[in-house]
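K.L.:
My structure is below; once you've seen it, I'll send some questions.
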Amino acid sequence: MNAKEYIKQLQTYEEYAFSWSEIINHADKSPFTLKKELANLIAKKEIINLRKGFYVIIPPKYAIRNYLPIQLYINKLFSFLNKPYYIGLYSAAKFYGAAHQQIQADYIITKPPALANIKKENFNIKFFTTTHWPSKNIRKLKSDAGMFNISSPALTIADMIHYQTKLGGINRVFTIIEELVHELKPDDIRDLLSWYPYLSTLQRLGFLLEKLNMGYDLLKPLKNHLSRKNYYFVPLNPGKELKPGKAKNFWKVNENVKPESDL
């Protein structure tokens with residue numbers, strides 16, 4: 001079996017990625033020959049060498065875009081990397097229907113050490129890291145290639161607030177949050193509060209939910225949680241000013257930037 005035959009076989013099982021070690025073990029060609037065959041398939045844009053030793057297959061129906069949706073290979077990529085992950089931020093929001101802004105990248109959150117972002121052909125993957133790995137709020141959804149991990153709506157919103165300075169600022173993420181809040185459930189928020197370590201992000205979350213006129217069933221768990229904590233004044237946009245000053249609201253959030261929605 002040569003490289004092309006092996007790749008065709010993978011697609012019959014709805015697999016769209018493979019590693020160098022996998023093809024070496026399954027194909028009956030020498031490493032030298034396989035490398036030549038893979039180089040030829042890369043030149044024809046039938047596969048892409050996404051990372052060293054890891055390849056993504058581009059089936060005919062995706063050939064015109066020369067791209068493969070991340071849910072079809074992300075689980076296999078992180079199995080190859082031997083790291084935990086979840087699809088998050090703008091990418092997770094898109095799965096929940098919050099796609100007002102067309103984002104030309106895939107966003108993945110994993111554990112340190114940091115991974116270099118991937119920008120090849122039409123593949124643009126941005127990696128974020130967190131030292132506080134979620135014990136809850138990671139869901140499993142099903143794609144044609146199997147299950148994949150994605151942040152729940154509550155964790156997605158919290159992450160967007162926490163990483164706002166790396167995502168274009170509070171105004172850019174506010175529109176997505178406004179779309180996404182309708183997917184929020186009280187149990188999702190309670191799960192988040194059971195482990196989430198960043199009080200300032202929870203303060204900003206509560207402030208924005210209140211600003212969006214969300215119901216008391218969503219605000220109550222946050223208020224109860226913060227009432228038991230020593231929390232301090234924070235700016236809504238942490239990159240705008242260093243000293244948050246006073247704020248006349250329960251959340252102790254100084255609205256140093258007026259969040260504006262594009263909706």
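Computed from the coordinates by the stated procedures, all read-outs in this text should not be read as laboratory data. All figures in this text were calculated on a predicted structure; none of them were measured in a lab. Virtual Cβ from ideal backbone geometry, glycine too; neighbours counted across all protein chains shown.
K.L.:
Kirkwood Rh over alpha-carbon pairs of region 3-62, then Stokes-Einstein at 25 °C and 0.890 mPa s: what D in µm² s⁻¹, rounded to an integer?
P.N.:
Numbers: Rh = 11.4 Å.
Calculated translational D: 214 µm²/s.
K.L.:
Let me ask you something else. Using 0.36 nm per residue, how much length does the chain from Asp217 to Trp195 gain when fully extended, once their Cα-Cα distance is taken away?
P.N.:
Working: separation 22, 0.36 × 22 = 7.92 nm, distance 1.95 nm.
Length gained, Asp217 through Trp195: 6.0 nm.
K.L.:
Looking at region 149-241, which chymotrypsin sites (Phe, Trp or Tyr not before Pro) are in a loop (DSSP not H, G, I, E or B) and have at most 16 other Cβ atoms within 10 Å? All intermediate terms of the calculation are to be shown ahead of the outcome.
P.N.:
Details: sites: Tyr163, Phe174, Trp195, Tyr198, Phe207, Tyr216, Tyr231, Tyr232, Phe233; in loops: Tyr163, Trp195, Tyr198, Tyr231, Tyr232, Phe233.
Here the chymotrypsin sites (Phe, Trp or Tyr not before Pro) that fit, given the DSSP loop and packing criteria, are Trp195, Tyr198, Tyr231, Tyr232, Phe233.
K.L.:
List, largest first, the extents of the alpha carbons of region 41-81 along their principal axes, each in whole Å.
P.N.:
Principal-axis extents of region 41-81 (Cα, largest first): 28, 20, 10 Å.
K.L.:
Cα-Cα over 18 Å: which of Lys52/Lys76; Lys185/Lys258; Lys8/Lys83; Lys229/Lys252?
P.N.:
Values: Lys52/Lys76 14 Å; Lys185/Lys258 26 Å; Lys8/Lys83 28 Å; Lys229/Lys252 13 Å.
In this structure, Lys185/Lys258; Lys8/Lys83 exceed 18 Å between Cα atoms.
K.L.:
Before rounding to the nearest 500, sum -39500 (n - 2.57) across all DSSP H runs of length at least 4 in the chain and divide by the residue total; then give [θ] at 222 nm in deg cm²/dmol.
P.N.:
-11000 deg cm²/dmol
K.L.:
Let me ask you something else. Suppose a student asked you for the relative contact order of the chain, using Cα pairs under 8 Å spaced at least 6 residues apart; what percent would you report? Display every interim value, and only then the final one.
P.N.:
Numbers: 387 pairs, mean separation 34.9, N = 263.
Across the chain, relative contact order equals 13 percent.
K.L.:
On a 0 to 90 degree scale, rounded to 10, what angle separates helix 199-211 from the longest Cα axis of the chain?
P.N.:
70
K.L.:
Here is a follow-up. Could you run the Karplus curve 6.51 cos²θ - 1.76 cosθ + 1.60 with θ = phi - 60° over region 175-183 and give me ³J(HN,Hα) per residue in whole Hz, x for Gly and Pro?
P.N.:
Karplus-based 3J(HN,Hα) across region 175-183 equals 4, 5, 4, 4, 6, 7, 4, 6, 8 Hz.
K.L.:
Could I ask something else about it? Could you tell me which of rounded, prolate or oblate describes region 157-263, using a ≥ b ≥ c as the square roots of the eigenvalues of the alpha-carbon gyration tensor, with rounded for a/c under 1.5 and, failing that, prolate when a/b is larger than b/c and oblate otherwise? Can you show the working numbers first?
P.N.:
Details: a/c = 1.55, a/b = 1.10, b/c = 1.41.
Oblate shape, in that a/c is at least 1.5 and b/c is the bigger or equal ratio.
K.L.:
Order of Lys35, Lys126 from fewest to most other C-beta atoms within 10 Å?
P.N.:
Working: Lys35 13, Lys126 19.
Ordered by Cβ neighbours within 10 Å, fewest first: Lys35, Lys126.
K.L.:
What is the spin-label model distance, in nm, from Glu255 to Tyr67 if the labels are put 7 Å beyond Cα along the C-beta direction?
P.N.:
Distance between the two pseudo-spin positions: 3.6 nm.
K.L.:
Only counting other Cβ atoms within 10 Å, I'd like Leu155, Leu115 sorted with the fewest neighbours first. Before the final figure, lay out each step's value.
P.N.:
Working: Leu155 25, Leu115 19.
Ranking Leu155, Leu115 by Cβ neighbours within 10 Å, fewest first, gives Leu115, Leu155.
K.L.:
Next question, about the same structure. Sort Ile23, Ile118 by Cβ crowding within 10 Å, fewest neighbours at the top. Please list the in-between numbers first.
P.N.:
Numbers: Ile23 21, Ile118 17.
Neighbour counts put them in this order, fewest first: Ile118, Ile23.
K.L.:
Pairs to check: Lys35/Lys136; Lys166/Lys248; Lys29/Lys142; Lys140/Lys220. Give those whose C-alpha atoms are more than 31 Å from each other in this structure.
P.N.:
Working: Lys35/Lys136 42 Å; Lys166/Lys248 28 Å; Lys29/Lys142 34 Å; Lys140/Lys220 27 Å.
Result: Lys35/Lys136; Lys29/Lys142 exceed 31 Å.
K.L.:
For Asn124 and Lys248, calculate 0.36 nm times their separation in residues minus their Cα-Cα distance, and state this gained length in nm to one decimal.
P.N.:
40.5 nm
K.L.:
Give the shape of the chain as rounded, prolate or oblate, defined through the alpha-carbon gyration tensor: a ≥ b ≥ c are the square roots of its eigenvalues, a/c under 1.5 means rounded, and otherwise the shape is prolate if a/b is larger than b/c and oblate if not. Intermediate results must be reported in sequence, preceding the final value.
P.N.:
On the way: a/c = 2.65, a/b = 2.50, b/c = 1.06.
Taking the square roots of the gyration eigenvalues as a ≥ b ≥ c, the chain is prolate.
K.L.:
If one takes the longest principal axis of the Cα atoms in the chain, at what angle in degrees, from 0 to 90 and to the nearest 10, does the Cα axis of helix 216-227 lie?
P.N.:
Once rounded, the angle reads 80 degrees.
K.L.:
Between Asp187 and Met1, how high is the FRET efficiency from 1/(1 + (r/R0)^6) when r is the Cβ-Cβ distance and R₀ = 41 Å? Nearest 0.05. Write down the numbers at each step before the final one.
P.N.:
Numbers: r = 49 Å, r/R0 = 1.20.
For R0 = 41 Å, the calculated efficiency reads 0.25.
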